[in-house]
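Working notes, structure below.
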Amino acid sequence: MLEQGWVGGRRARFDTAGRVRGLVSHVGDQPVGAAAHVAVHRSTQPHALIGAVHTEDALAMPGVYAVLTGADLYKQFGDRLLTGPAFADQPALAHEKVRYVGEPVAAVLAADLATARAATDAVWVDYDELPPVYDLADALEGSAFVHDELKPSSVFGDLRHLRGVRDTNVNYTYTLRHGDAQAAREAGAHTVTGEFWAPPTHHVPIELPCTIAWVDAGRLEMLTTTQTPSYVRQTIADLLDLPLSRVRVTTRPLGGSFGAKMYDRLEPLAAALAWTTGRKVRLVASREEAFLLTTRHGAAVTSSLTADAEGNLVSSIADVRYDTGAYADVGPRITAKSGMVTPGPYRIDTAHVRSRCVYTNKPSAGPFRGFGVPQVTWSHESLIDELAHRLGEDPYAFRRRHLLREGDEAPMGTRMHSADFVTCLDSVANAIGWFEPLERGSGRIRRGRGVAVGVKAVLTPTIANAVLQFNQDASATLLISTVDMGQGSDTIMAQIAADVLAMNSERIHVVRADTDATPYDTITAGSRSTYHTGNAVRRVAQAMRDKLIALGAQHFEVAEADVELTPEGLRSGERTVPVAELVHGHFGARGATLTAEANFTTSWAPYDKETGRSEKVTEHWFAGAIGVQLTVDTATGRVHLEHLAVAGDVGRAINPALVEQQLTGAAIMGIGHALFDQLVLDQGQLVNGTLLDYQLPSIRDLPDKLTPIVVESPHDDGPFGAKGVGETGILGIAPAIANAVRDAVGVRLTTLPLTPESIVTALENKQEEES
Amino acid sequence: MTVRITLKVNGVDHRVAVEDDTLLLDVLREQVGTTSVREGCGVGACGACTVLSGGSSVSSCLALARRYDGAEITTAEGLDENDAVVSSFVECGAAQCGYCIPGFVLMSTELLTDNPRPTEQEITDHLEGNICRCGTYPEIRRAVATAAQRRSPA
Ligand code: FES
Ligand code: FES
């Protein structure tokens with residue numbers, strides 16, 4: 001059935017059979033032939049000046065080709081060695097000083113990986129220790145500084161004013177000021193406050209990061225596990241001081257990413273080494289090393305929410321601190337984008353948010369599914385729940401009353417469109433039986449229910465391009481730079497094009513990102529592809545349809561308006577010509593192609609520096625809700641999820657099956673963040689950076705029942721009304737679970753994860769207070 | 001010390017040279033070419049490197065190759081498209097990025113060979129050592145139940 005593969009159809013993901021049997025080939029599967037395998041010697045110090053780096057012993061080992069240090073690379077590249085999406089602060093190899101335990105200090109190139117890894121142990125470094133900045137408290141106290149001065153990159157113009165700022169660990173502050181929130185709080189009748197903490201976590205895509213780089217005819221070519229091929233090309237061109245045309249970045253499908261494989265990971269080092277030595281180099285991170293490449297920001301939020309005597313929300317105040325580790329990565333953007341939604345998706349009279357991005361001597365934190373929003377959702381969804389309890393109101397009904405509706409202006413000044421929070425909340429509440437009586441239990445096992453709502457802005461402004469080649473045999477080749485990492489973009493982009501062209505989506509091949517061939521696309525991230533690249537794909541398919549119709553008009557010798565594209569071919573009145581025949585007739589050759597291209601670009605109104613407000617801070621919104629019913633074992637503190645419902649407003653589901661999978665997949669990841677998932681650091685040293693020690697959700701952690709709910713409130717400008725969904729499901733999981741725990745046993749937890757010990761301790765404290 | 005061993009992988013004999021400490025994982029990926037066998041953790045904690053040796057699951061990231069001289073190894077590539085487990089995974093959409101899935105397919109094959117009609121609890125018990133970071137567990141669970149049905153209809 002053709003329509004199965006069009007918009008709204010549940011066609012199977014591209015190459016499911018190949019995925020199941022492991023036939024999809026990934027970057028690490030590519031044979032490299034004669035190449036230098038690279039291993040990295042890492043810092044043992046959180047914060048220290050680098051003295052001599054002793055490489056002689058490693059160099060003397062058989063099979064070792066070369067050992068390079070940060071100083072070697074700095075000699076070659078100067079300040080261009082420092083890269084990063086928001087701040088150009090991260091060297092491919094540490095130069096002059098190290099800023100976290102595990103930072104790359106020297107790279108060994110050898111005939112094979114085992115030799116290279118063994119030789120890294122023979123490198124030793126003289127350090128001159130500096131006072132370490134272990135956490136947010138140290139950093140904000142401000143006696144030691146991770147960086148001597150701030151170095152904004154050229155990517156974001158609005159960070160320029162920070163260049164050269166010294167004596168601070170705060171690299172960016174976003175402020176939202178709407179009305180006088182302090183005065184409104186004082187005048188209000190009921191205020192709830194909280195100190196919230198969401199720890200650093202790790203993405204752990206099962207595929208390990210891998211980069212292969214080589215020099216070919218004076219060009220730097222690279223095959224790498226990245227979500228951001230266009231970005232990487234620019235970074236490498238800047239680093240090597242080459243025109244973009246002399247850098248080629250290619251990818252393969254990724255074995256998961258979730259934000260881990262984007263911006264500057266292994267790529268700058270691989271490019272620098274290949275360029276400097278002239279060798280083909282292959283870098284692959286071990287799982288332990290992958291933990292050090294990037295993390296999710298740990299975040300502290302001190303916040304309050306105030307209602308007046310009638311229960312209207314009058315004031316939201318929050319101080320948000322994102323721990324970005326040793327390098328800013330995209331932390332400043334996270335700080336702003338998440339800061340502006342810290343009050344939550346509610347009608348609130350006034351708001352004051354200060355959101356800061358803070359350097360510490362830890363592995364760098366970067367983007368992770370949700371882009372910092374889950375950490376602030378943890379705050380606003382706990383606060384509003386507690387406020388409802390305080391007022392003796394039903395937490396579902398209280399939220400519902402205050403949720404932003406279509407056309408409402410959010411506290412940061414932008415209106416809501418295609419963000420149906422109310423239907424999301426209603427549908428999860430219905431799904432988990434919120435309106436039915438709850439058997440609460442009376443003994444050791446207590447039952448409770450909780451809900452939470454999430455809001456997130458899509459990355460704006462961004463650019464997407466698409467090129468479509470329509471082949472004479474009525475198949476098509478779609479060139480885009482979106483990277484399929486499991487979300488199914490290759491599948492839904494083919495569905496969009498197939499729908500417009502009334503063709504079989506299985507006959508459309510999506511070319512893997514290759515910057516020599518596929519056109520620029522900002523990034524595959526932030527749930528932006530369906531809307532942005534999807535729009536470019538819809539446009540390119542429309543352009544192609546117009547070309548085919550023009551050919552049809554010539555063929556039939558009628559006006560274009562009298563020609564229609566159908567699954568059977570071009571039709572005019574009673575006459576039909578198959579597309580293959582039409583194109584063949586036009587070119588007089590088999591295998592010829594027609595080409596079309598299209599662009600889709602979004603714009604924004606930058607937020608005001610003083611107030612943080614903007615009438616269009618984002619192209620569109622993500623809206624989601626979570627409902628959960630669970631039990632708590634009051635003796636052990638163990639939480640058991642009986643039913644979790646996850647709803648997301650996706651505008652229009654291009655492929656409902658894949659949308660549901662994104663919702664449940666995000667929910668399962670969120671369950672880990674709620675209950676056990678966290679990176680533990682002791683004096684700057686990561687102590688659980690292996691999969692023996694780092695707990696991830698397994699099949700055992702599935703709720704008894706997991707219900708995905710697709711809400712469709714079409715977006716005026718989305719392709720067929722569609723928006724993305726990759727992050728929507730994760731936003732509210734932790735607070736929904738904590739709210740249900742509150743409902744079950746009466747304790748409010750504000751520190752994630754909700755470990756059994758933390759629940760037992762809270763129950764004991766409550767008992768003490770009551771007695 | 002380098003020794004030569006024979007591995008029968010998916011029915012085909014492979015003569016391979018291995019050192020004392022060569023891992024079965026590396027031999028399968030680099031010498032035999034079965035790249036469905038994947039390293040996710042290197043410490044036996046994710047299941048991405050699972051293979052069947054004589055029908056029993058082995059974490060190839062922990063297995064020394066030389067101990068498998070003469071072994072009959074099955075990887076996911078070796079299963080037919082019409083195999084009950086493979087076709088059930090495909091039909092249930094039990095793959096997102098798919099990186100972890102070959103490991104789940106082989107664990108499920110082992111389970112259903114030993115226990116043709118597993119309960120939901122038994123499926124969970126057998127698969128809990130495998131990690132799917134995309135969170136495909138609901139579809140995987142359905143796929144295993146479907147495959148059980150398909151292999152031995154009640
Ligand atoms: S790689 Fe062997 S169990 Fe993870
Ligand atoms: S399908 Fe991606 S890790 Fe399992």
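The values are calculated or read from the model by the stated rules, or taken from the named source; none is laboratory data. Computed from a prediction, not measured in an experiment: that's the story for all the values here. A quick note on method: Cβ atoms are made from the backbone with ideal geometry, for glycine too, and the neighbour counts reach across all protein chains shown. For the accessible areas, the whole protein counts, side chains as well, though only heavy atoms, and no ligand, DNA or RNA atoms are used. Shrake-Rupley method; radii C 1.70, N 1.55, O 1.52, S 1.80 Å.
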Looking at the range A:120-136, which of its residues are open to solvent by 40 Å² or more (accessible area, probe 1.4 Å) and either of a type in the set (Asp, Glu) or over 27 Å from the mean Cα position of the chain (by Cα) (or both)? A:Asp121, A:Trp124, A:Asp126, A:Tyr127, A:Asp128, A:Glu129, A:Leu130, A:Pro131, A:Pro132, A:Asp135
For the range A:179-225, what are the residues that are more than 16 Å from ligand 2 (Cβ to nearest atom), of a type in the set (Ser, Thr, Tyr) and closer than 21 Å to A:Leu292 by Cβ? A:Thr201, A:Thr211, A:Thr224
Residue set A:Leu220, A:Leu242; condition closer than 21 Å to A:Leu73 by Cα, touching a Leu at 6+ places or on another chain (Cβ under 8 Å) and surrounded by fewer than 23 Cβ atoms within 10 Å (Cβ to Cβ); output residue A:Leu242
Tell me, yes or no, whether the range A:560-567 has at least one residue that is modelled with pLDDT of 95 or more, open to solvent by 60 Å² or more (accessible area, probe 1.4 Å) and assigned by TED's automatic domain parsing to the domain that holds A:Arg354. no
Only one of A:Val314, A:Val330 that is at pLDDT 95 or above and open to solvent by less than 10 Å² (accessible area, probe 1.4 Å): A:Val330
Top-ranked residue of the range A:506-521 - restricted to ones that are open to solvent by 10 Å² or more (accessible area, probe 1.4 Å) and of a type in the set (D, E, K, R), ranked as farthest from A:Val24 (Cα to Cα): A:Asp516
Please tell me if B:Thr109 is under 15 Å from the mean Cα position of the chain (by Cα), more than 16 Å from ligand 2 (Cβ to nearest atom) and in a helix (DSSP H, G or I). yes
The one condition in (1) under 16 Å from the mean Cα position of the chain (by Cα); (2) more than 16 Å from ligand 1 (Cβ to nearest atom) that B:Glu122 fails to fulfil: (1)
Please count how many residues of the range B:95-106 are on the phi < 0 side of the Ramachandran plot and at the interface with another protein chain (Cβ under 7 Å from one of its Cβ atoms). 8
Leading residue by the ranking (surrounded by the most Cβ atoms within 10 Å (Cβ to Cβ)) among those in the range A:671-692 that are within 9 Å of chain B (Cβ to nearest Cβ) and away from ligand 2 (no atom under 16 Å from the Cβ): A:Thr690
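Here's the yes/no breakdown for (1) open to solvent by 50 Å² or more (accessible area, probe 1.4 Å); (2) outside any helix (DSSP H, G or I); (3) more than 30 Å from A:Asp57 (Cα to Cα); (4) of a type in the set (A, V, I, L, M):
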{"position": "A:Leu140", "(1), (2), (3), (4)": "yes, no, yes, yes"}
{"position": "A:Ser143", "(1), (2), (3), (4)": "yes, yes, yes, no"}
{"position": "A:His147", "(1), (2), (3), (4)": "no, yes, yes, no"}
{"position": "A:Val155", "(1), (2), (3), (4)": "yes, yes, yes, yes"}
Of those in the range B:112-138 that are open to solvent by 70 Å² or more (accessible area, probe 1.4 Å) and assigned to a helix (DSSP H, G or I), the residue farthest from B:Cys97 (Cα to Cα) is B:Asp114
If I go through the range B:56-73 residue by residue, how many of them are within 10 Å of the chain's Cα centre (by Cα) and either under 21 Å from A:Arg287 (Cβ atoms) or open to solvent by 40 Å² or more (accessible area, probe 1.4 Å) (or both)? 5
Options A:Thr611, A:Thr664, A:Thr707; residue that is in contact (Cβ under 8 Å) with a residue 24 or more places away in the chain and assigned to a loop (DSSP other than H, G, I, E, B): A:Thr611
Are there helices (runs of 4 or more DSSP H) fully within the range A:223-337 with at least 3 residues that are within 14 Å of chain B (Cβ to nearest Cβ)? List them. A:287-293
Subset of the range A:496-510 [assigned to a helix (DSSP H, G or I) and under 26 Å from B:Cys100 (Cα atoms)]: A:Glu506
Just one of (1) of a type in the set (A, V, I, L, M, F, W, C); (2) open to solvent by less than 10 Å² (accessible area, probe 1.4 Å); (3) part of a helix (DSSP H, G or I) trips up A:Ala184, so point out which. (2)
Restricting the range B:98-111 to residues that are open to solvent by 10 Å² or more (accessible area, probe 1.4 Å) and within 16 Å of ligand 1 (Cβ to nearest atom), which is nearest to A:Thr491 (Cα to Cα)? B:Tyr99
Collect the residues in the range A:521-575 that are in a strand (DSSP E or B) and touching a Lys or Arg at 6+ places or on another chain (Cβ under 8 Å), keeping them in residue-number order. A:Glu564, A:Leu565
Would you check if there is a residue in the range A:697-713 being open to solvent by less than 20 Å² (accessible area, probe 1.4 Å), in contact with a strand residue (DSSP E or B) (Cβ under 8 Å, 6 or more places away or on another chain) and over 30 Å from A:Leu658 (Cα atoms)? no
Residues of the range A:333-364 that turn out to be open to solvent by 10 Å² or more (accessible area, probe 1.4 Å) and aliphatic (A, V, I, L, M), as a count: 1
